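Working notes, structure below.
Please treat every number below as a calculation from the coordinates, not as lab data. Bear in mind that the values here come from a model prediction, so they are computed numbers and not experimental data. Glycine gets a Cβ as well: all are built from the backbone with ideal geometry, and neighbour counts include every protein chain shown.
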Amino acid sequence: MTQSVSSTVLLSVDGMGCGSCVAKIEKTANAVEGVSTVSVDLAKKQASIGFSAPADAAAIAKAIDAAGYETKILG
């Protein structure tokens with residue numbers, strides 16, 4: 001079943017430098033309940049994440065921070 005996206009958050013992600021980092025961030029974000037889409041741009045060091053309840057932007061950022069990266073909510 002495909003979840004619908006009700007909100008999208010754009011995060012800056014410091015500390016990623018390779019494709020393995022991108023995969024880790026995608027896996028980490030997808031593990032947060034409610035996340036439905038994840039797009040990570042290595043060149044811009046940003047992640048765009050679509051989600052619906054119970055997820056929220058702060059919980060997604062916290063999960064990625066816990067994986068060893070530094071995030072900032074851009075919008």
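Helical runs (DSSP H, four residues minimum) scored at -39500 (n - 2.57) apiece and divided by the length of the chain put the mean residue ellipticity at 222 nm at -9000 deg cm²/dmol. Relative to the longest principal axis of the Cα atoms of the chain, the long axis of helix 57-66 lies at roughly 40 degrees. Ordered by the number of other Cβ atoms lying within 10 Å of each residue's own Cβ, fewest first, Leu11, Leu74, Leu42 fall into the sequence Leu74, Leu42, Leu11. Relative to the longest principal axis of the Cα atoms of the chain, helix 19-30 runs at roughly 20 degrees.
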